[in-house]
Amino acid sequence: MENKIKNLLQFYLLATELKDKIRSGWKVWNIDRERVESVAEHIYGTCILAISIDSQFELDIDLYKVIIMLVLHEIEEIKIGDLTPFDKVTKEEKRKIGKQAVEEVLSWC
């Protein structure tokens, strides 16, 4: 039980790092805003959008699964950051390092 709590807290602390990671696209495209979106804010926004879509349309979706997918989609960025095509990382390399990052982060769950 104690180990589970330790793992849970370690994962939580890692995941909250996404609050301080600014989405790279804002920088790359020189978006002129006083404040730009963090990765955590992006995740929150996509989850709210999924909930809104589910509440307004009669779609046969598993909302829990959708939200888990939206959150985990960005979890690799804890370790590798928000890579964009401008970072000159191939899709294959991004997939490889992203998979390794997700496995590392989720190993604490």
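Here are the numbers for this structure:
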read-out	value
Largest-first ordering by accessible area, 1.4 Å probe, given options M1, M69	M1, M69
Carbon and sulfur %, accessible surface of the chain computed with the full protein complex present, 1.4 Å	58 percent
Taking the C-alpha atoms of the chain, convex hull volume expressed per residue in Å³	133 Å³
Probe 1.4 Å - accessible area at K27, Å² to nearest ten	130 Å²
Filtered GluC sites (Glu not before Pro), the range 33-74: DSSP coil and at most 13 other beta carbons within 10 Å	E34, E58
Theoretical ellipticity at 222 nm over the chain - DSSP helices of four or more residues, -39500 (n - 2.57) apiece, nearest 500	-19000 deg cm²/dmol
Trypsin sites (Lys or Arg not before Pro) lying in DSSP loop within the range 41-109, provided at most 12 other Cβ fall within 10 Å	K88
Per residue accessible area in Å² of the chain, where ligands, DNA and RNA are left out and the probe is 1.4 Å	78 Å²
Residue among I53, I80, I22 with the largest mean-square fluctuation in a Gaussian network model of the chain, springs linking Cα atoms under 10 Å	I53
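The values are calculated or read from the model by the stated rules, or taken from the named source; none is laboratory data. Because the structure is predicted, anything quoted here is derived from the model rather than measured. Methodologically, a virtual Cβ is constructed for each residue, glycine included, from the backbone with ideal geometry; neighbour enumeration extends over all protein chains shown. Calculation scope for accessible area: heavy atoms of the full protein, side chains included, ligands and nucleic acids excluded. Shrake-Rupley method; radii C 1.70, N 1.55, O 1.52, S 1.80 Å.
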